Amino acid sequence: MLNEKLVKFCKDNFKDEKEILEKLNEYKKILISENEKMNLIGRSTLNDFDERHLLDCIQINNYLSDKKKTIMDIGTGAGLPGIILSIIGFHNLHLVEKSPKKSVFLENCKLRLNLNYHVHNISIADLSNMSIDYITARAFAPIEKIISSTKKLISKKTKFILLKGKSYLTELETINAQKYFWQTYSSITSVQSKIIVMGIK
């Protein structure tokens with residue numbers, strides 16, 4: 001059984017919520033099983049998996065305007081939020097993960113769940129010459145580092161959608177407000193967390 005808040009979010013936002021919930025549940029099983037062999041997520045978060053990971057990631061659907069847009073999830077790790085975005089219908093997805101073991105996990109999930117995304121087993125700083133509409137990141141790096149490591153990929157059309165914890169204000173203090181604009185939104189899973197939508201002015 002999946003968390004009631006997660007089920008309600010899917011029913012309220014997606015026409016094919018039954019298929020989405022089935023794939024979310026299957027992904028959960030795969031991730032928890034593989035987490036026994038490698039460190040994909042913190043063991044302390046397993047008891048609250050649905051809300052802490054699935055619902056936390058799926059809420060960024062509200063900040064993505066078009067499922068045809070190109071999205072890059074950097075430092076995706078276990079596929080959070082990249083795999084979640086694929087499950088809810090985004091197709092032009094690039095998941096960046098420099099760990100070979102985690103990249104194999106991402107490829108296995110793609111096959112087992114019949115998903116559509118590209119896995120880049122490379123450091124984000126080594127990627128260039130790609131047209132990206134949205135960059136997502138969760139538990140990856142401070143905002144300043146996210147911007148600097150993606151400088152070869154971003155343009156004025158690129159938006160960052162970042163899932164951030166209580167350090168978000170400290171991180172935003174390091175950002176040049178004359179060059180970048182941003183808005184912060186409340187997370188539905190934690191009063192301390194924010195979703196930051198950012199771009200170049």
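The values are calculated or read from the model by the stated rules, or taken from the named source; none is laboratory data. Just so it is clear, the model here is predicted, and its values are computed rather than measured. Ideal geometry is used to build each Cβ from the backbone, glycine not excepted, and the neighbour counts take in all protein chains shown.
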- Query: Among the numbered criteria (1) touching a residue at least 60 places away in the same chain (Cβ under 8 Å); (2) touching a Phe, Trp or Tyr at 6+ places or on another chain (Cβ under 8 Å); (3) surrounded by fewer than 19 Cβ atoms within 10 Å (Cβ to Cβ), which single criterion is violated by Lys28?
  - Reply: (1)
- Task: Given the conditions (1) modelled with pLDDT under 95; (2) over 16 Å from the mean Cα position of the chain (by Cα), report the number of the one that Phe140 does not fulfil.
- Result: (2)
- Boolean, Asp66 is out of contact with any Leu (no Cβ under 7 Å at 6 or more places or on another chain), over 20 Å from Asn92 (Cα atoms), surrounded by fewer than 19 Cβ atoms within 10 Å (Cβ to Cβ) and not hydroxyl-bearing (Ser, Thr, Tyr): no
- Message: Among the residues in the stretch 46-60, are any in contact (Cβ under 8 Å) with a residue 24 or more places away in the chain, closer than 22 Å to Met130 by Cα and either crowded, with 24+ Cβ neighbours inside 10 Å or in contact with a Pro (Cβ under 7 Å, 6 or more places away or on another chain) (or both)?
- Response: no
- Please determine, by comparing only the residues of the stretch 40-79 that are hydroxyl-bearing (Ser, Thr, Tyr) and part of a helix (DSSP H, G or I), which one is farthest from the chain's Cα centre (by Cα). Ser44
- Query: Which residues, taken from the stretch 1-15, are in contact (Cβ under 8 Å) with a residue 60 or more places away in the chain and either aliphatic (A, V, I, L, M) or in a loop (DSSP other than H, G, I, E, B) (or both)?
  - Reply: Phe14
- Message: With the condition being of a type in the set (D, E, K, R) and either on the phi < 0 side of the Ramachandran plot or crowded, with 19+ Cβ neighbours inside 10 Å (or both), I'd like the helices (runs of 4 or more DSSP H) fully within the stretch 80-171 carrying at least 2 qualifying residues.
- Response: 100-113, 143-149
- Query: Out of the stretch 90-113, which residues are farther than 20 Å from Ala139 by Cβ, charged (D, E, K, R) and under 15 Å from the mean Cα position of the chain (by Cα)?
  - Reply: none
- Task: Answer yes if at least one residue in the stretch 32-39 is in contact (Cβ under 8 Å) with a residue 12 or more places away in the chain and either in a helix (DSSP H, G or I) or within 24 Å of Lys67 (Cβ to Cβ) (or both), and no otherwise.
- Result: yes
